[in-house]
Amino acid sequence: MCLPGVAEAFIKEVMMKTRNGHKTYPLTVAQKFHIFYMDFCPKKEVVNIGTSLTIEYELDIEELKRAVYKAYDRCESMRVRFAYDKKEEQWYQYVVEKEERDIEYVDFTGKTMEEAAEIMTGWTQVPFQREDSPMNRVVIIKTPDGCQGLYVLGDHMLMDAQSLICFLRDVIELYCSVKFEYPYPLDMRSFTEQLEKDLAYEAGSKAQARDREYFQKLIGESEPIFNGIEGPGQLEEARKKFPGTRAAFSATAKVDSALDIFHLEEEPTQRLMRFCEEQHVSLQCLLIMGIRTYLQKMNGNDDVSINVAYARRATLLEKKSGGTRIHSFPFRTILSGEQTFMEGILAIRNGQNEVFRHTNYNPVEYFAYRSKLYNTPQGATYEPMSLTYQPMTLKEKGLDQLGDIRYKTKWYPNGATTQAMYLTVMHRPDDNGLDFNFEHQVAAVSRETLERFYYYMCKIMFKGTENPNLKIGDIIKLI
């Protein structure tokens with residue numbers, strides 16, 4: 001790979017280090033972000049991601065084990081280890097050649113589904129040993145309802161939702177290529193190749209300079225304002241201590257979290273998807289419109305900001321190299337009540353398209369620059385929540401050929417979060433309806449608040465998609 005001079009020298013220098021005979025690499029910005037908040041969190045399992053995928057089918061357990069081992073062989077990021085340099089006070093990473101640890105098998109027959117879920121939740125709340133140790137765990141499971149499949153636990157520094165789904169699909173396709181007349185899956189891509197590209201960008205590249213210029217100009221336009229999920233109460237409280245501040249304190253020091261999931265059925269989901277297809281917009285734009293309009297309703301502000309996660313998986317290498325790539329940035333919209341729902345959607349689409357081009361930039365640098373520019377009180381924010389939309393599903397492009405085999409997925413809470421509320425929206429594999437996964441600090445956001453938020457967000461989206469020329473102000477009055 002041909003790199004600019006400075007970046008090339010940087011890459012050569014950092015890759016001269018070895019650990020147990022393996023070439024080591026520094027962490028990327030996306031990985032360092034997780035260390036940033038983990039250092040402030042007493043529960044180190046805050047970076048754990050736990051999920052299960054089960055199938056209503058009698059599986060060959062030994063063949064499934066072989067498929068898991070093959071998937072490990074094909075995915076470098078699932079074989080990564082971390083090492084800490086005490087002298088430099090820096091973490092590094094390296095890839096081992098093979099995973100030979102035993103793949104466990106746990107049969108939950110005789111237990112209730114609730115008991116099985118409680119056990120897997122317990123697995124999800126055990127932090128990984130961080131040095132020279134595997135950063136994932138795969139267990140073959142049989143659930144009390146007779147389904148079989150996998151439980152996968154990963155560390156967010158090496159796994160996000162898309163790379164997890166990609167690994168699970170690879171295991172299924174490898175298994176099916178042996179047991180059924182199913183084509184052998186195409187190769188995964190190199191984690192270390194993508195890592196070198198990311199490190200080159202971060203080493204003072206021209207692209208990084210362009211992205212920095214874009215975001216600093218955007219931040220400098222004007223100061224955002226906080227809009228609370230329950231209304232202006234948090235901002236009013238912050239102003240008692242910091243008169244005139246436009247930021248507030250949404251999260252608490254109590255990091256104990258819960259995961260509440262709301263299910264949108266297949267038919268209404270299809271109505272939303274049909275609108276997106278007809279209007280050439282993404283569902284993410286529609287979700288942002290629903291959320292920001294609810295916050296506008298609750299706070300009386302046209303100016304609304306939320307954090308939005310960007311997958312950064314545009315190229316084939318990015319899509320199939322695993323690891324964690326998510327960068328989160330504030331997304332701000334200023335939409336008056338006189339503008340129509342459709343005008344709002346298009347403004348969001350245009351804004352998102354602009355931001356997409358610059359999402360390799362360091363989010364921590366973004367927040368530090370903004371805080372310094374506007375003298376934001378320490379720990380305060382302008383965004384009450386974060387949104388992730390995951391469009392990738394297990395059945396897309398291939399697995400639907402296996403007929404009517406039903407898949408079930410379940411996410412397990414790690415029990416900790418440093419954010420007040422994080423919403424992840426995903427498609428269910430069995431019917432392609434939507435699951436709204438709200439991870440939230442128990443001390444910051446109640447279940448009752450989430451129910452109200454979800455109810456009105458959906459009402460806004462359906463009212464707007466059915467009547468796209470309705471004014472935003474009228475929608476707020478009608479719901």
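Brief remarks follow.
- Restricting attention to the stretch 30-48, the residues that are open to solvent by less than 20 Å² (accessible area, probe 1.4 Å) and in contact (Cβ under 8 Å) with a residue 24 or more places away in the chain add up to 7.
- Test set (1) touching a Ser or Thr at 6+ places or on another chain (Cβ under 9 Å); (2) of a type in the set (A, V, I, L, M); (3) farther than 15 Å from ASP155 by Cβ - ILE140 fails condition number: (1)
For every residue, the table says whether it meets (1) at pLDDT below 95; (2) polar (S, T, N, Q); (3) open to solvent by less than 30 Å² (accessible area, probe 1.4 Å).
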| site | (1), (2), (3) |
| --- | --- |
| LYS111 | no, no, no |
| ALA116 | no, no, yes |
| MET120 | no, no, yes |
| GLN129 | no, yes, no |
| ASN136 | no, yes, yes |
| MET159 | no, no, yes |
| GLU173 | yes, no, yes |
| ASP187 | no, no, no |
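- In a residue-by-residue description of the stretch 388-398, the property of being at pLDDT 95 or above and either part of a helix (DSSP H, G or I) or in contact with a helix residue (DSSP H, G or I) (Cβ under 6 Å, 6 or more places away or on another chain) (or both) applies to at least one position.
- Flag for PRO134 being part of a loop (DSSP other than H, G, I, E, B) and in contact with a Ser or Thr (Cβ under 7 Å, 6 or more places away or on another chain): no
- Test: residue in the stretch 267-278 that is in a loop (DSSP other than H, G, I, E, B) and either open to solvent by 40 Å² or more (accessible area, probe 1.4 Å) or in contact (Cβ under 8 Å) with a residue 12 or more places away in the chain (or both): no
- Condition check for ARG212: in contact with a Phe, Trp or Tyr (Cβ under 8 Å, 6 or more places away or on another chain) and either over 29 Å from VAL29 (Cα atoms) or open to solvent by 40 Å² or more (accessible area, probe 1.4 Å) (or both): yes
- So GLU383, is it assigned to a loop (DSSP other than H, G, I, E, B), open to solvent by less than 30 Å² (accessible area, probe 1.4 Å) and farther than 26 Å from LEU199 by Cβ: yes
- Selection status of ARG325, more than 16 Å from MET461 (Cα to Cα) and basic (Lys, Arg): yes
- The number of residues in the stretch 311-327 that are open to solvent by less than 30 Å² (accessible area, probe 1.4 Å) and hydroxyl-bearing (Ser, Thr, Tyr) comes to 2.
- Subset of the stretch 13-31 that is more than 29 Å from the chain's Cα centre (by Cα) and of a type in the set (D, E, K, R) - its residue that is modelled with the highest pLDDT: ARG19
- Only residues that are in contact with a Lys or Arg (Cβ under 7 Å, 6 or more places away or on another chain) and not aliphatic (A, V, I, L, M) were counted in the stretch 26-55, giving 3.
- For TYR151: the one exception among (1) open to solvent by 30 Å² or more (accessible area, probe 1.4 Å); (2) modelled with pLDDT of 95 or more; (3) among the aromatic types (Phe, Trp, Tyr): (1)
- Pairs, first closer than 15 Å to TYR105 by Cα in the stretch 123-152, second surrounded by 21 or more Cβ atoms within 10 Å (Cβ to Cβ) and of a type in the set (Ser, Thr, Tyr), C-beta under 6 Å, six or more apart: VAL139/TYR151; ILE141/TYR151; THR143/THR54; CYS147/THR54; GLY149/THR54; TYR151/SER52
- Selection from the stretch 417-470 of residues that are open to solvent by 50 Å² or more (accessible area, probe 1.4 Å) and closer than 23 Å to GLY344 by Cβ: ARG452, TYR455, TYR456, LYS459, LYS463, GLU466, ASN467, ASN469
- Leading residue by the ranking (least open to solvent (accessible area, probe 1.4 Å)) among those in the stretch 330-357 that are part of a loop (DSSP other than H, G, I, E, B) and either within 18 Å of PRO224 (Cβ to Cβ) or modelled with pLDDT under 95 (or both): LEU335
- Qualifying residues in the stretch 238-261 (those that are in a helix (DSSP H, G or I) and in contact (Cβ under 8 Å) with a residue 12 or more places away in the chain) - the one surrounded by the fewest Cβ atoms within 10 Å (Cβ to Cβ): LYS241
The values are calculated or read from the model by the stated rules, or taken from the named source; none is laboratory data. What you are looking at is a predicted structure, and each value in this text was computed from that prediction instead of being measured. Counting neighbours? That spans all protein chains shown, and the Cβs are built from the backbone with ideal geometry, glycine included. Keep in mind that these areas ignore ligands, DNA and RNA; they rest on the heavy atoms of the full protein, side chains included. Shrake-Rupley method; radii C 1.70, N 1.55, O 1.52, S 1.80 Å.
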